[in-house]
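Just so you know, all these numbers are worked out from the coordinates, no wet-lab data involved. Remember, it's a predicted structure, so these values are computed and weren't measured experimentally. Cβ: placed from backbone, ideal geometry, glycine included. Neighbour counts: every protein chain shown.
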Amino acid sequence: MAIQKVLVVDDSKTELMYLTDVLKKNGMSVRTAENADDAFKRLAEEKPDLILMDVVMPGQNGFQLTRAISRDPAYADIPIIMCTSKNQETDRVWGIRQGAKDYVTKPVDAGELMTKIKALG
C-alpha cells in the first residue's frame with residue numbers, strides 16, 4: 001500500500017512547514033495538527049495512511065497520543081513514525097512500545113524520513 005495521505009502532529013509551526021514541504025515534494029497530501037485534540041479531529045475527518053508524531057507538545061505528549069491512537073480499533077492500523085528531538089535510545093524504545101512503527105530524530109533528514117516511509121508502504 002503506497003502511502004499517500006499523511007497527518008503531521010507537531011506543535012512547532014516551523015517543523016510542520018518543513019515536514020509538509022518534504023512530504024508534498026514526494027507526492028503526498030498532508031494534513032497537520034498542533035496537539036492531541038487537533039489530531040483526533042483530523043483522524044475523524046479523514047483517516048491518513050501514516051502519522052508523523054512529535055513527542056514534546058502541550059497537553060498530551062506524543063507518547064501518550066501514540067498509545068491512544070494505536071489502542072483505538074478504528075485507528076490501530078495506521079503506522080506512526082515518531083519525529084522528535086528526544087534522541088536517547090530509551091526514548092526510541094519507549095516510542096516503539098507505545099505503538100510507533102519507527103522513530104526519527106530532529107532535525108529530520110528528508111532522505112532518511114522518506115526511506116522509512118517507503119519501508120512502511
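Worth pointing out:
- Neighbours of residue 95 by Cβ distance under 14 Å: Lys/Arg scored +1, Asp/Glu scored -1, total +3.
- The mean sequence separation of alpha-carbon pairs under 8 Å and at least six residues apart, normalised by the residue count of the chain, gives a relative contact order of 24 percent.
- Dipole magnitude of the chain, debye to nearest 20 (Cβ charges: Lys/Arg +1, Asp/Glu -1, about Cα centre): 240 debye
- Cut-off 9 Å between beta-carbons: net charge of the residues surrounding residue 11, Lys and Arg +1, Asp and Glu -1: -3
- Residue 119 versus residue 17: modelled label distance in nm, points set 7 Å from Cα along the beta carbon direction: 3.0 nm
- Local electrostatic count at residue 63 - Lys and Arg +1, Asp and Glu -1, tallied over other residues with Cβ under 13 Å: +3
- Pairs of Lys residues in the chain that lie 8 or more places apart, or on two chains, and have C-alpha atoms under 12 angstrom apart add up to 4.
- Calculated FRET efficiency for the pair residue 96/residue 24, C-beta based, R₀ 41 Å, to 0.05: 0.90
- Residue exposure sequence - 57, 28, 17 - by fewest surrounding Cβ within 10 Å: 17, 28, 57
- Extension gain from residue 41 to residue 85, taking 0.36 nm per residue of separation minus the Cα-Cα distance: 13.3 nm
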